[in-house]
1. For Arg79, tell me the accessible area in Å² from a 1.4 Å probe, rounded to the nearest 10.
2. Can you list the GluC sites (Glu not before Pro) in segment 1-65 that are in a DSSP coil and have 15 or fewer other beta carbons within 10 angstrom?
3. Using the Karplus equation 6.51 cos²θ - 1.76 cosθ + 1.60 (θ = phi - 60°), what ³J(HN,Hα) coupling, rounded to whole Hz, does each residue of segment 149-156 give in order, writing x for Gly and Pro?
4. What is the spin-label model distance, in nm, from Arg33 to Val17 if the labels are put 7 Å beyond Cα along the C-beta direction?
5. Give the residues of segment 156-188 whose amide nitrogen is closer than 18 Å to a point set 7 Å from the Cα of Ala41 in the direction of its Cβ.
6. For the chain, what is the accessible area per residue in Å², given a 1.4 Å probe and the full set of protein chains?
7. Take the Cβ-Cβ distance between Ala2 and Ser190 as r, set R0 to 45 Å, and report the resulting FRET efficiency rounded to the nearest 0.05.
8. If Trp136, Trp154 are ordered by their accessible area, calculated over protein heavy atoms with a 1.4 Å probe, which sequence runs from highest to lowest?
Amino acid sequence: MALLEPFGAELNLHTGVMESSKQLIHRRLSDMRGMYVNEAAETELQSAENPMIYEVYASEVPEETGQVLYCTTIIHPGRVGDEYFMTKGHFHSLRDRGEIYLGLSGKGYLLLQTEEGEPRAVPMHPGTAAYVPPFWAHRTANVGDEPFVFFAAWPGDSGHDYGTIEKIGFPQLLVSRGGQPVLVDNPRFSGVSG
Ligand code: PA5
Ligand code: NI
């Protein structure tokens with residue numbers, strides 16, 4: 001492993017913008033095809049404006065054992081049908097790698113599931129330090145009217161397995177009922193073995 005120079009990166013604790021980040025990831029609705037349950041609403045919103053769902057400012061730390069990666073995520077406010085804007089979600093490729101999230105601004109939820117499809121949900125607001133234990137897939141959603149911003153840090157060799165979530169989804173959906181976030185069963189969830 002190379003000996004890196006120590007450094008300090010400035011990040012805006014309200015907006016989540018990390019000016020020094022050269023790895024800005026933008027995910028629009030068209031980058032998440034089929035991940036929202038209401039397909040008609042998805043198609044309509046995509047052809048109307050294809051909104052920006054979330055942005056990630058990533059560190060430039062190498063993805064290798066012993067390093068600690070970090071980033072900020074900004075999820076914009078909005079819904080596809082009743083379902084709140086959210087990240088794609090993933091398991092870590094190395095399943096026994098955990099992660100820490102710190103809420104910076106706005107209101108959101110951390111949704112998790114085990115490989116057996118056991119769901120959990122953790123509300124997040126500024127100051128919430130949320131723990132993603134090893135083996136749990138994780139996704140976040142914005143349930144407020146302003147951007148939901150959080151910081152994340154995780155082991156450098158974790159990797160991202162998006163494919164499993166693209167295939168099975170999450171067991172629960174986070175939807176708006178009378179303006180309030182409510183968890184409901186995902187009718188399309190078939191589980192890892194399904
Ligand atoms: O490492 C994480 O879990 C986060 O930094 C996410 O990568 C980030 O929030 C974007 O979500 P996803 O990677 O599921 O698109
Ligand atoms: Ni992760």
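The values are calculated or read from the model by the stated rules, or taken from the named source; none is laboratory data. Since the model is a prediction, treat every value here as computed from it, not as a measurement. Neighbour counts run over all protein chains shown; Cβ positions are idealised from the backbone, glycine included. What goes into the accessible areas is simple: the full protein's heavy atoms, side chains included, and nothing from ligands, DNA or RNA. Shrake-Rupley method; radii C 1.70, N 1.55, O 1.52, S 1.80 Å.
1. Approximately 120 Å² for this residue.
2. Details: sites: Glu10, Glu19, Glu39, Glu42, Glu44, Glu49, Glu55, Glu60, Glu63, Glu64; in loops: Glu10, Glu19, Glu49, Glu60, Glu63, Glu64.
In loop regions of segment 1-65 (DSSP not H, G, I, E or B), the sparsely surrounded GluC sites (Glu not before Pro) are Glu10, Glu19, Glu49, Glu60, Glu63, Glu64.
3. Result, rounded to whole Hz: 10, 9, 9, 9, 9, 7, x, x.
4. Simple spin-label model gives 3.3 nm for this pair.
5. The answer is 169-188.
6. Working: 9740 Å² over 194 residues.
Per-residue accessible area for the chain comes out at 50 Å².
7. On the way: r = 43 Å, r/R0 = 0.96.
In this case the efficiency is close to 0.55.
8. Working: Trp136 50, Trp154 25 Å².
I get Trp136, Trp154, largest accessible area first.
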